[in-house]
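**Student:** Mind looking over this structure? Questions follow.
FYI, it's all coordinate maths here, none of it is from the lab. The structure presented is a predicted model; accordingly, all values stated were derived computationally and were not measured. So basically every Cβ, Gly included, is an ideal-geometry build from the backbone, and we count neighbours across all protein chains shown.
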Amino acid sequence: AQEAADVGVFERDLGAGRAHWSPAMFRLWGVDPAGRGPWVADGEYLALLHPEDREIHRARRDAMRADPFQTRFDFEFRILHGQTGEVRWLLS
């Protein structure tokens, strides 16, 4: 169902500052998964965020990290596709 809907899935390791991405996440973000593991460092995905959305995304992410009881992260943002550079909207 996730593949048919083109939904990416990730699991974040807050302590290590990285996330485990599904194949669909790599496609959505335009990152080539060849020759690498499924882990993506925070700096790598933050660099792909649209510059105007980067700081607010970082602030929301950091607020979530600071509150271990926060369970909801709902944010619509733009990225610059890693292969084409086109602007894409994502919802996390």
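**Student:** Give me the angle, in degrees from 0 to 90, between the Cα long axis of helix 51-66 and the longest principal axis of the Cα atoms of the chain, rounded to the nearest 10.
**Tutor:** 50 degrees
**Student:** So what are the ³J(HN,Hα) numbers for region 35-45, from phi and the Karplus equation (6.51, -1.76, 1.60; θ = phi - 60°), rounded to whole Hz, Gly and Pro as x?
**Tutor:** My calculation for region 35-45 gives x, 9, x, x, 8, 10, 6, 3, x, 5, 6 Hz in order.
**Student:** Scan the chain for chymotrypsin sites (Phe, Trp or Tyr not before Pro) in coil per DSSP, keeping those whose Cβ has at most 15 other Cβ atoms within 10 Å, and list them by number. Don't skip to the answer; put the middle values down first.
**Tutor:** Working: sites: F10, W21, F26, W29, W39, Y45, F69, F73, F75, F77, W89; in loops: F69, F73, F75.
Answer in residue order: F69, F73, F75.
**Student:** Next up: Calculate how large, on average over all directions, the projected area of the Cα convex hull of the chain is; give the answer in nm² to one decimal.
**Tutor:** It is 6.3 nm².
**Student:** Also: Using helices alone, what [θ] at 222 nm do you get for the chain, with -39,500 (n - 2.57) per DSSP H run of 4 or more residues, divided over all residues and rounded to the nearest 500? Walk me through the numbers before you get to the answer.
**Tutor:** Numbers: 4 runs with 34 residues, N = 92.
Value at 222 nm, helices only: -10000 deg cm²/dmol.
**Student:** Report the residues of region 36-56 in range of a label on R65: point 7 Å along Cα→C-beta, backbone N strictly under 14 Å from it.
**Tutor:** Of the residues in region 36-56, 41-47, 55-56 have backbone N under 14 Å from the label point off R65.
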